[in-house]
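Visitor: Take a look at the following structure, please.
The values are calculated or read from the model by the stated rules, or taken from the named source; none is laboratory data. Just so you know, these numbers come straight off a predicted model, no measurement behind them. Here the Cβ is made from the backbone with ideal geometry for all residues, glycine too, and neighbour counts use every protein chain on show.
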Amino acid sequence: MNLEQARVEENRLLAADHRRMVLHAPAIAASAGAGQFVHLRAHDSFHPLLRRPLSVARCDRTAGTLVLIYRVLGEGTARLADRRPGDGIDVLGPLGRGFRLAPGLTPLLVAGGVGVAPLISLAEECVRMGRAVEVVAGARTASLLVGEADLRELGVECCSATDDGSRGYRGPVTGLLGGRLDGRALYAAGPAGMLRQVQQLAGATPAQLCIEAAMACGVGACRGCACRARGGGYRLVCTEGPVFDSHEVTYDG
Amino acid sequence: MADLAVNLAGIRLRNPVLAASGTFGYGREYAAVVPLDQIGGVITKGTSLEAWTGNPPPRTVETAAGMLNAIGLENPGLKHLVEADLPWLASQGATVVVNVVGRTVDEYVAVAEALDARPAVAGLELNVSCPNVDKGGMAFGVHPESAYALVRAVRKRTRLPLLVKLTPNVTDIVRIAEQVRDAGADGLSAVNTLVGMAIDIHCRRPVLGNATGGLSGPAIKPVALAAVWRLARVGLPILGGGGISFWQDAVEFLMAGATAVAVGTATFVRPRAMLEIAQGMEEYLKCQGIERITDLVGAANPGARTG
Ligand SMILES: Cc1cc2nc3c(=O)[nH]c(=O)nc-3n(C[C@H](O)[C@H](O)[C@H](O)COP(=O)(O)OP(=O)(O)OC[C@H]3O[C@@H](n4cnc5c(N)ncnc54)[C@H](O)[C@@H]3O)c2cc1C
Ligand SMILES: Cc1cc2nc3c(=O)[nH]c(=O)nc-3n(C[C@H](O)[C@H](O)[C@H](O)COP(=O)(O)O)c2cc1C
Ligand code: FES
C-alpha cells in the first residue's frame, strides 16, 4: 500500500457520464493486481469529504501508469471529472484482494456497465500470461459498452448485450451465459442485481464476484464496508474483497 | 527544538496527537503509511470481552463535511487483542490506549482487569458513548448515576490511567463528567460522535442499516470544541477531539483546555493527517517562541483548571 501524489495524464470522456483517466503513479502501478482498487481524493475541500474507491482497469508497470474507467454519478466523481492532464491527485493503493485465476479452467468474464473496469485488468493479466479468456459485457445501450476499446487493444474478443438491443444480444448480460459454463470459471463485476444472478446461474461452476460497498477508510480500519457472509456474519469489502468467491457472500437478508 | 511531549492523565505521549478509537483499527491497517512511533498514540477499536459482529450494512454514509457511522462496535474481542495486536503494537513502538466496551458493568470490568498488568497498554479509554449499540456504550454515558457506578467498578480493578470517553448527546456533559471524576477517573475524553441520520428519498428508508448513526468529521468540530471548553472546569485532564483536520484545529482544542487530541475521520481523508498535525504544531511553537506545547493548554480559557 502506497500513498502517492499521482499525475493525471489523461481524463477523457468515453460516453455520456463515463470517463477514462490515466494516472502516472509508479509506486502503485508496481504492485497493482487484477481486481484491486485505488482510493482517490477527488479534490481538496470538505465537500465531498471522503475518498472514492475506483478499480484499477489497466496497469502498465513499465510506464508506471494506471487506467481508471468511471461513471460520473455524484459529487465525488464530478470533481474527478474536473481534473485536467498535468494535475496532481492523491491516490492510496493498491488496495483489497483481487481476482485469483482458477487453474485449468477458461476464465469467462461477465461485466455489467462500468463493472467492466476491474475485468479489463483481469483480461490484461490473462493476456500477459498467455491464457485464453472470454468476455461477455452488458450495458443499457451500445455507446455505454465502455470497455470495448481497451479490450480490443488487448486483442480480447467481447460478446455484447444491451438492454435496448442496439448492440448484440437484447437483454441482460447474464442471458449470454446459458450453455456456456462447461470448463469455465466465472469472474463477474457489475450492479448487485446482476451479481446475484451470476451467483444463482453459476451452480457448480467456480465464480468470483467483485462487490461494491460504501467505504470510508478503504484499508480495514473503520469496519464500515461490511457485506453479508453466507452462513451469517459479515465480510469487509475493502480488505477481504472486493473480489469474493461466490459462495462466501450472500445477497439475502 | 520545541517540546511536544505531554503527560495525559499519567499516559506519557511523545506528542499530543492520538489516533481516535475505531478510525485506526489496531494500528496495522495504516502502518505502511503512518509510522506508529511518530504519532502520540494509538487508541484501539472498542474492545469487548468476546467478539462482536456489528450492525447490518450499510454502516457508513457521507454527509455535509462529515460522515455517519453505525458500525455497532464490531471487534474481534479481548483475546485477539491480547494475543495478536498488543505484541505487534509494542514491536512498532506504539503507545497504546485500549478503548473498552461492554454490555454490562461486569464485562467492562473483566476487560479492564485483564489488561491491568500489561506493559504494552499505557492506558484505558472507557467508552460510555457509542451511540450504535442497544446495550452498553452510550446507555452508561447519558445517566450520571450509571456513569458513576461503572467508572467506580472499573477503577477498583485497574491501576492503569483511566480516561472516560463522553458523549455529547446529553443535556449537561459537565454533570456527567463530575460524576466520572468523583468515581475516580484520571481523565476525560471528549467527544464521541453526535447522533444523526440520513434518509434515502428514493427508497423511503434510512440509509444506514441501523437507521441512526454517529456524526463525525469537520461538521462537528465547533460542537466538540465547546464541550471541551466547558469540561475544562471539571479539573481533569482532557483528550479533546471531534472534527480535527488540521494543526490549527488541534491548537484550538489545546487552548480550550485539552492536554492532547484525538484525530479520527481526517485520517480516512488524509492518512498522514496526524503526522501533518504534529509537525504543524511544532512549527507553530517555534514561530511563537513557545518552548513546551503544554504552555498552550487552556491558554484561551480563563475557566480552565487543566493547565
Ligand atoms: C472497490 C470498488 C471499486 C469501484 N470501482 C469503480 C470503477 O472502476 N468505476 C466506477 O465508475 N465506479 C466504481 N466504484 C463505485 C464508485 O466508487 C462510486 O460510484 C463513487 O464512489 C460514487 O461517488 P460520487 O461522489 O460520485 O457519488 P455519491 O454522491 O457518493 O453518490 C451519488 C449517487 O450514486 C449512488 N451510488 C454511490 N455509490 C454507488 C455504487 N457503488 N453503486 C451504485 N450507486 C451508487 C448514491 O447512492 C447516490 O444516489 C467502485 C466502488 C468500489 C467499492
Ligand atoms: C467509523 C468510526 C468508528 C468509531 N468507533 C469508535 C469506537 O469503537 N469507540 C469509540 O470510543 N469511538 C469510536 N468512534 C468515534 C471516534 O473515536 C471519534 O470520537 C469521533 O469520530 C469524532 O472524531 P473525528 O471527527 O475526528 O472522527 C468511531 C468513529 C468512526 C468514524
Ligand atoms: S472501508 Fe473501512 S474497513 Fe473497509
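Visitor: Looking at (1) within 10 Å of ligand 2 (Cβ to nearest atom); (2) small (Gly, Ala, Ser); (3) within 14 Å of the chain's Cα centre (by Cα), which is the one condition that is false for B:GLY187?
Guide: Every condition holds for B:GLY187 apart from (1).
Visitor: Going through region A:165-193 one residue at a time, which ones are surrounded by 14 or more Cβ atoms within 10 Å (Cβ to Cβ) and assigned to a strand (DSSP E or B)?
Guide: Hits for region A:165-193 are A:TYR169, A:ARG184, A:ALA185, A:LEU186, A:TYR187, A:ALA188, A:ALA189.
Visitor: Same structure again: Taking the residues in region A:17-47 that are within 13 Å of ligand 1 (Cβ to nearest atom) and at pLDDT below 95 as candidates, determine which candidate is nearest to the other protein chains (Cβ to nearest Cβ).
Guide: Taking the candidates together, the pick is A:HIS47.
Visitor: So, in region A:190-220, of the ones that are within 19 Å of the chain's Cα centre (by Cα) and free of Cβ contacts under 8 Å to residues at least 12 places away in the same chain, which residue ends up nearest to A:GLY241 (Cα to Cα)?
Guide: Checking each candidate, the answer is A:ALA214.
Visitor: Pull up region B:104-122, narrow it to residues that are in a loop (DSSP other than H, G, I, E, B) and free of Cβ contacts under 8 Å to residues at least 40 places away in the same chain, then point me to the one that is farthest from ligand 3 (Cβ to nearest atom).
Guide: To start, the set of residues in region B:104-122 that are in a loop (DSSP other than H, G, I, E, B) comprises B:104, B:116-122.
Of the ones still in play, those that are also free of Cβ contacts under 8 Å to residues at least 40 places away in the same chain are B:104, B:117-121.
Working: B:THR104: 28, B:ALA117: 31, B:ARG118: 26, B:PRO119: 29, B:ALA120: 24, B:VAL121: 24 Å.
Taking the candidates together, the pick is B:ALA117.
Visitor: Residues that are assigned to a loop (DSSP other than H, G, I, E, B), surrounded by 23 or more Cβ atoms within 10 Å (Cβ to Cβ) and within 14 Å of another protein chain (Cβ to nearest Cβ): does region B:266-280 have at least one?
Guide: First, the residues of region B:266-280 that are assigned to a loop (DSSP other than H, G, I, E, B): B:270-272.
Filter again for surrounded by 23 or more Cβ atoms within 10 Å (Cβ to Cβ), leaving B:271.
Okay, now just the ones that are also within 14 Å of another protein chain (Cβ to nearest Cβ), so B:271.
Among the residues of region B:266-280, at least one is assigned to a loop (DSSP other than H, G, I, E, B), surrounded by 23 or more Cβ atoms within 10 Å (Cβ to Cβ) and within 14 Å of another protein chain (Cβ to nearest Cβ), which makes the answer yes.
Visitor: Here's another thing I want to ask about it. So which residues in region B:56-71 are closer than 14 Å to B:ASP134 by Cβ and either surrounded by fewer than 24 Cβ atoms within 10 Å (Cβ to Cβ) or away from ligand 3 (no atom under 16 Å from the Cβ) (or both), if there are any at all?
Guide: B:PRO56
Visitor: Which of the residues belonging to region A:222-253 are away from every other protein chain (no Cβ under 11 Å), in a loop (DSSP other than H, G, I, E, B) and surrounded by fewer than 21 Cβ atoms within 10 Å (Cβ to Cβ)? Working first, answer last.
Guide: Our first condition is that a residue be away from every other protein chain (no Cβ under 11 Å); within region A:222-253, this holds for A:230-231, A:240-252.
From what is left, the residues that are in a loop (DSSP other than H, G, I, E, B) are A:230-231, A:240-241, A:250-252.
Scanning region A:222-253 gives A:ARG230, A:GLY231, A:GLU240, A:THR250, A:TYR251, A:ASP252.
Visitor: For region B:1-93, give me every one of the strands (runs of 3 or more DSSP E) that falls completely inside it and has 1 or more residues that are within 14 Å of chain A (Cβ to nearest Cβ). Show your work before the answer.
Guide: Numbers: elements: B:6-8, B:11-13, B:17-19, B:41-43, B:60-63, B:66-69.
Passing ranges, in order: B:17-19, B:41-43, B:60-63, B:66-69.
Visitor: Restricting attention to region B:198-241, which residues are more than 11 Å from ligand 2 (Cβ to nearest atom), within 14 Å of chain A (Cβ to nearest Cβ) and under 30 Å from B:LEU13 (Cα atoms)?
Guide: Answer for region B:198-241, where residues must be more than 11 Å from ligand 2 (Cβ to nearest atom), within 14 Å of chain A (Cβ to nearest Cβ) and under 30 Å from B:LEU13 (Cα atoms): just B:PRO222.
Visitor: Determine if region A:111-125 includes at least one residue that is more than 18 Å from the chain's Cα centre (by Cα), more than 16 Å from ligand 2 (Cβ to nearest atom), more than 14 Å from chain B (Cβ to nearest Cβ) and surrounded by 15 or more Cβ atoms within 10 Å (Cβ to Cβ). Reasoning before the result, please.
Guide: First, the residues of region A:111-125 that are more than 18 Å from the chain's Cα centre (by Cα): none.
So far as region A:111-125 goes, no, none of its residues is more than 18 Å from the chain's Cα centre (by Cα), more than 16 Å from ligand 2 (Cβ to nearest atom), more than 14 Å from chain B (Cβ to nearest Cβ) and surrounded by 15 or more Cβ atoms within 10 Å (Cβ to Cβ).
Visitor: With the checklist (1) touching a helix residue (DSSP H, G or I) at 6+ places or on another chain (Cβ under 9 Å); (2) not in a strand (DSSP E or B) in hand, flag the one item A:LEU209 doesn't pass.
Guide: Failing condition for A:LEU209: (2).
Visitor: Another question, then. Would you tally the residues in region B:189-247 being of a type in the set (Phe, Trp, Tyr) and farther than 23 Å from B:ALA278 by Cα? Break it down into steps so the answer makes sense when it comes.
Guide: At the first step, the residues of region B:189-247 found to be of a type in the set (Phe, Trp, Tyr) are B:229, B:246-247.
Those left that are additionally farther than 23 Å from B:ALA278 by Cα: none.
Qualifying residue count for the region: 0.
Visitor: Does region A:168-176 contain any residue that is modelled with pLDDT of 95 or more, small (Gly, Ala, Ser) and within 16 Å of ligand 3 (Cβ to nearest atom)? Working first, answer last.
Guide: First pass over region A:168-176, keeping only residues modelled with pLDDT of 95 or more: A:168-176.
Keeping just the survivors that are small (Gly, Ala, Ser) gives A:168, A:171, A:175.
Narrowing the set further to residues that are within 16 Å of ligand 3 (Cβ to nearest atom) leaves none.
The answer is no, given that none of the residues of region A:168-176 is modelled with pLDDT of 95 or more, small (Gly, Ala, Ser) and within 16 Å of ligand 3 (Cβ to nearest atom).
Visitor: Considering only region A:162-221, state which residues are of a type in the set (A, V, I, L, M, F, W, C), within 30 Å of B:THR265 (Cα to Cα) and away from every other protein chain (no Cβ under 14 Å).
Guide: Step one: filter region A:162-221 for residues of a type in the set (A, V, I, L, M, F, W, C), giving A:173, A:176-177, A:181, A:185-186, A:188-189, A:192, A:194-195, A:198, A:201-202, A:204, A:207, A:209-211, A:213-217, A:219, A:221.
With within 30 Å of B:THR265 (Cα to Cα) added as a condition, the list becomes A:189, A:192, A:209-211, A:213-217, A:219, A:221.
Selection gives A:ALA189, A:LEU209, A:CYS210.
Visitor: Just checking, does region A:108-119 include any residue being outside any strand (DSSP E or B) and over 17 Å from A:VAL198 (Cβ atoms)? Steps first, answer last, please.
Guide: Kept after step one, since they are outside any strand (DSSP E or B), are these residues of region A:108-119: A:113-119.
Still in the list and also over 17 Å from A:VAL198 (Cβ atoms): none.
Among the residues of region A:108-119, not one is outside any strand (DSSP E or B) and over 17 Å from A:VAL198 (Cβ atoms), which makes the answer no.
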